[in-house]
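Please treat every number below as a calculation from the coordinates, not as lab data. No experiment lies behind these values; they were computed from the predicted model shown.
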Amino acid sequence: MPEIELTEPSEIFAAIQARSPLMHAQTRAAYIGKEVDWTLLAADGYEEAPGNARVMFHYRPHEVKYVAVRVPTADYPWLKSMRAGEAVQVRGRIAEIGNLNIELTEATLMQLVESAR
């Protein structure tokens, strides 16, 4: 498999789709464990358990595919007032890639002042 470059979520999804269906799993596996640093748009979220939130981000407005993280709400009190479409700096490690999502672990979030609406 060629060396992979981490750029944007859309390019990861495109690289997977460019391969034959029987190569999708192998292509996804090549990205697992890679660190990413993306500016994304808040999409949705919920408190998964007391003190822990699952937050989903789009990499483009109106995109169906998303990037998801789990974070402690105590570390990010601003999440409770975050609106859909607000820009957030998301850093983490790719843990899983599905057909519609990229799951990150070890995630950190930084609220950006300007939002991309």
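Each residue of the stretch 47-53 in order: what ³J(HN,Hα) in whole Hz does its phi give by Karplus 6.51 cos²θ - 1.76 cosθ + 1.60, θ = phi - 60°, with x for Gly and Pro?
Coupling constants for the stretch 47-53: 7, 6, 8, x, x, 10, 10 Hz.
Tell me, what HN-Hα J-couplings in whole Hz come from the Karplus equation 6.51 cos²θ - 1.76 cosθ + 1.60 at θ = phi - 60° for each residue of the stretch 101-113, using x for Gly and Pro?
Rounded to whole hertz, the list is 8, 10, 9, 10, 10, 6, 7, 10, 10, 9, 5, 9, 4.
Got a sec to turn the phi values of the stretch 17-22 into Karplus ³J(HN,Hα) couplings, 6.51 cos²θ - 1.76 cosθ + 1.60 with θ = phi - 60°, whole Hz, x for Gly and Pro?
5, 6, 8, 5, x, 6
Divide by every residue of the chain the summed helix terms, -39500 (n - 2.57) for each DSSP H run of at least 4, and state the resulting mean residue ellipticity at 222 nm, rounded to the nearest 500 deg cm²/dmol.
So the calculated ellipticity at 222 nm is -4500 deg cm²/dmol.
Where the centroid of each part is defined by its Cα atoms, how far is the stretch 34-63 from the stretch 70-117 in Å?
4 Å
Residue separation times 0.36 nm, minus the C-alpha to C-alpha distance between Asp75 and Asn52: what's the value?
Difference between extended and current length: 7.3 nm.
Near the amide H of Glu96, under 5 Å away, which other amide H atoms are found, from residues 5 or more places off or on another chain, if H is placed in the peptide plane?
For Glu96, whose amide H was placed from the backbone, the distant partners under 5 Å are Glu103.
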